[in-house]
Amino acid sequence: MKDSKIIEIIAKLGQLYPGKQRCMLNYSAPHELLIAVRLSAQCTDKRVNLVTPDLFKAFPCIQDFADAKTADVERIVKPCGLFKIKAADIVAICVELLENYNGVIPDEMDLLLKLPGVGRKTANLILGELYGKPAIVADTHVIRLSGRLGMVSTKNALKVEAKLWEIIPPEDGLNFCHRLVLHGRNVCKAGNPNCDSCGLKDLCEYPQRVK
């Protein structure tokens, strides 16, 4: 894709979704974001946001999670699916944060990836959202839309992230991804994209492929 078209896409997304965007998960403390992102795996942000108020009320701080019985966490997070492994990871993450990082979430990719259940998508979101570092969050919306726009030619999350690092200015990465997520939810949905009402249709390759 030509640099000029990439610039146009970034600019158009900025017009459609102006200002600084943030992730759709609700949180009031850094560890709450990390836990919410872990719960969001194969689960909608909407459902996670319904579950986390009760979860964070039951376990107000990192120490409470570290001391928790996994079964007690399971009962609350069950609606998010994969609840046994998610609950185990949440408790283990908090134990490790206390033991190795004085209760502070690391601000380095390699350290974040050592936490139980944390992958690159989660780590990038933490780095960008909490620490303002350059980040590319290759979630399902970002993978789908960047493919439809013709920016990438793969659905592999690692390859999508790597390609977007090459073509998106680092300072725009996180906001670009947040805007793609919003556009994916509002317009360019997986099963029924509303191409006629899409503000990106003149820059997008997808309508041409489905004609």
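The values are calculated or read from the model by the stated rules, or taken from the named source; none is laboratory data. Just so we're clear, the structure is a prediction, and the values are computed from it rather than from any experiment. Surface accessibility is based on the protein's heavy atoms, side chains included, excluding ligands, DNA and RNA. Shrake-Rupley method; radii C 1.70, N 1.55, O 1.52, S 1.80 Å.
Tabulated data
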quantity: Estimated vicinal HN-Hα couplings, Hz - segment 117-124 in sequence order (Karplus 6.51, -1.76, 1.60; Gly, Pro = x); calculated: x, 9, x, 5, 4, 5, 4, 4
quantity: Glu161 - accessible surface, heavy atoms, 1.4 Å probe, Å² rounded to 10; calculated: 10 Å²
quantity: Accessible area of segment 21-124 belonging to carbon and sulfur atoms, whole % at 1.4 Å probe; calculated: 53 percent
quantity: Average projected area [Cα convex hull, segment 60-211], square nanometres; calculated: 10.5 nm²
quantity: Per residue, in Å², the accessible surface of the chain once ligands and nucleic acids are set aside, probe 1.4 Å; calculated: 52 Å²
quantity: Helix 3-16 vs. the chain, principal-axis angle (Cα, 0 to 90°, nearest 10); calculated: 60 degrees
quantity: Other-chain or far-sequence residues with amide H under 5 Å of Ala135's (modelled H); calculated: Gly173, Leu174
quantity: Calculated [θ] (222 nm, deg cm²/dmol) that DSSP helices of n ≥ 4 give over the chain, each run adding -39,500 (n - 2.57); calculated: -18000 deg cm²/dmol
